[in-house]
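Visitor: What follows is a single structure, and I will ask about it in a moment.
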Amino acid sequence: MTDAYDIIVVGGGPAGSSAAMTAAQRGARVLLLEKDAEIGLPVRCAEGVSERSLKDLFESHPPWISNRITKLSFFAPDGTEVRLNAPRIGYILDRRAFDSNLAQRAVRAGAEVLTGACVRGMTPLTGNGWNVSVLRRNQPSQFTTRIVIGADGVESRVGRWAGLDTKTTLHDIETCLQYSMEGLDLDPACCQLHFGGHVAPGGYLWVFPKGPGMANVGVGISGEYSRRMKPIDYLNRFVDRAYAGASVLRTVGGSVPCSLPLKETVSDGLLLVGDAAHQADPMTGGGIMNAVRAGRMAGHVAAEAIMMGDTSKKQLMAYQEQCGELLGKKLRRSYRLKKAVYKLTDKELNDTAASVNSRAPDKRTLGRIFVTALTKNPKLLSDIIALFGS
Ligand SMILES: Cc1cc2nc3c(=O)[nH]c(=O)nc-3n(C[C@H](O)[C@H](O)[C@H](O)COP(=O)(O)OP(=O)(O)OC[C@H]3O[C@@H](n4cnc5c(N)ncnc54)[C@H](O)[C@@H]3O)c2cc1C
């Protein structure tokens, strides 16, 4: 191990490992620094991904899948269930194994990985590049690099250290709490999503089965409501009602930035990826696969910049532009939808569920639910037209 690198990646989640792998594959000297003692732990995630994105990004039959999902049930605030059968919905990952496998791929591509290494700050070097300060096993150390890739998740500080505006409103941060539960009576092929002001204001409650009798059961609420009642109170109320007698094996808390993507994700010698760049889907909070996509783009652009000998913001802008094309439009649309959907009252959600259920099961699609919500709420329709037109 040296103390001078082409690229230092801060954070060993899906974004960081994907960036490190791609940059190393292209010949850059890469160091990935992860503050936790083990890559992939703690798992702060419901582990759900869509089949389409998984197939886009990975080989078939990867070893880190826990469960396949073929059904989706929406629950309105009054308990009405709308069930969709969709054989191609997705998978529940084993996130610990997934993150670990991504880091392994990075190492095999030639990157170095240091765990238990917390990045404490970075200062620009004269000319170009960064001096990165790290604390590991209570020992401070310094590394130099020409490019830093900030993949340090929702709690990201790398962007701020580099002078980028990474602020989010409380409204756009989903505060989450999740139990890993065993002994549940549920359909292991069906993900449940529960909505309503008393269930999960400005968010939703999920039951994502990991296999027979076991599931990630969690809730995410908009940060603006978390002072009124905490996520744990919403979750306990649900669990006591739906799964009394089942066991909670693990509890994790966390948050997801459900805002618009950051306007600026690059600076001289710096790129931000994944949650650090607010690339999770604002409507669903799903950020795993976007983190992988963006990580690969960042790794590619950073390695090219190293090869060209130009690590300026102008050169790195290619990453921001590619992200804008591949993710930006989708994320902005999803943000507008989130704003519109979370305006629905409990009564409007109940009416929508009843109306969708009056259709034949094969006519109940996600699109149909949305169209029904719109036609039952003309005001919402005009809001959305205005939003899409803006
Ligand atoms: C409760 C919950 C449920 C979720 N469920 C889903 C889901 O079902 N599906 C989905 O797609 N998404 C889900 N998400 C979102 C998803 O987990 C994130 O979008 C995804 O992990 C983003 O990947 P990332 O690599 O950007 O960040 P992370 O996975 O958060 O990785 C960032 C890494 O950086 C490290 N780090 C931070 N600061 C430093 C530092 N100073 N020095 C060194 N290392 C540092 C952290 O320890 C961490 O390992 C969920 C999130 C939460 C909180």
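Visitor: Which net charge results for the neighbourhood of E182, defined as the other residues with beta-carbon distances under 14 angstrom from its beta-carbon, given Lys and Arg at +1 and Asp and Glu at -1?
Guide: +1
Visitor: On to the next question. Please order D275, D3 by the number of other Cβ within 10 Å, starting at the fewest.
Guide: D3, D275
Visitor: Would you calculate, for the chain, the mean residue ellipticity at 222 nm contributed by helices, counting each DSSP H stretch of 4 or more residues as -39,500 (n - 2.57) and dividing by all residues, to the nearest 500?
Guide: -10000 deg cm²/dmol
Visitor: Most fluctuating residue of A162, A24, A360 in a GNM of the chain with Cα springs under 10 Å: which is it?
Guide: Of A162, A24, A360, the most mobile in the Gaussian network model is A360.
Visitor: Taking θ as phi - 60°, what are the ³J(HN,Hα) couplings along the range 185-195 by the Karplus curve (6.51, -1.76, 1.60), each to the nearest whole Hz, with x for Gly and Pro?
Guide: Result, ordered by residue: 9, 8, 7, x, 9, 10, 7, 10, 10, 10, 10 Hz.
Visitor: Under a GNM of the chain (C-alpha, springs under 10 Å), which listed residue has the highest mean-square fluctuation: A302, A97, A280?
Guide: Sorting by GNM fluctuation, first place goes to A97.
Visitor: All other residues with a Cβ under 11 Å from the Cβ of G27 taken together, and with Lys, Arg as +1 and Asp, Glu as -1, what is their net charge?
Guide: Values: positive: R26, R29; negative: D6, E304.
Once positives and negatives cancel, what remains is 0.
Visitor: Oh, and also: For the Cα atoms of the chain, what angle does the longest principal axis make with the long axis of helix 346-357, in degrees from 0 to 90, nearest 10?
Guide: 80
Visitor: What per residue convex hull volume, in Å³, do the alpha-carbon atoms of the chain yield?
Guide: Convex hull of Cα atoms, per residue: 138 Å³.
Visitor: Give the dimensionless ratio obtained when the Cα radius of gyration of the range 183-334 is divided by 2.2 N^0.38 Å.
Guide: Ratio of Cα Rg to 2.2 N^0.38 Å: 1.31.
Visitor: Can you list the aspartates and glutamates whose alpha carbon sits under 20 Å from that of K330, skipping same-chain ones fewer than 8 residues off?
Guide: Reachable aspartates and glutamates: E51, D56, D172, E174, E264, D275, D281, E321, D383.
Visitor: Hey, what angle do you get for helix 378-389 against the long axis of the chain, alpha-carbon based, 0 to 90 degrees rounded to 10?
Guide: Here the helix axis deviates by roughly 20 degrees.
Visitor: Collect residues whose amide H, placed 1.01 Å from N in the peptide plane, falls under 5 Å from the amide H of N67; neighbours closer than 5 in sequence don't count.
Guide: Residues meeting the criterion, in which the H sits 1.01 Å from N, are I92.
Visitor: I want to verify a result. In a Gaussian network model of the chain, Cα cutoff 10 Å, which of these has the top mean-square fluctuation: V219, V256, V107?
Guide: Comparing V219, V256, V107 in the GNM, the peak value goes to V107.
Visitor: Which of the lysines could a cross-linker span from K314 if the Cα-Cα distance has to be under 17 Å and same-chain partners fewer than 8 positions apart are dropped?
Guide: List returned: K263.
All of the numbers you see were taken from the coordinates with simple rules; none came from a lab. Quantities reported herein were computed from a predicted structural model and do not represent experimental measurements. Every residue, glycine among them, receives a Cβ derived from its backbone with ideal geometry; neighbour counts consider all protein chains shown.
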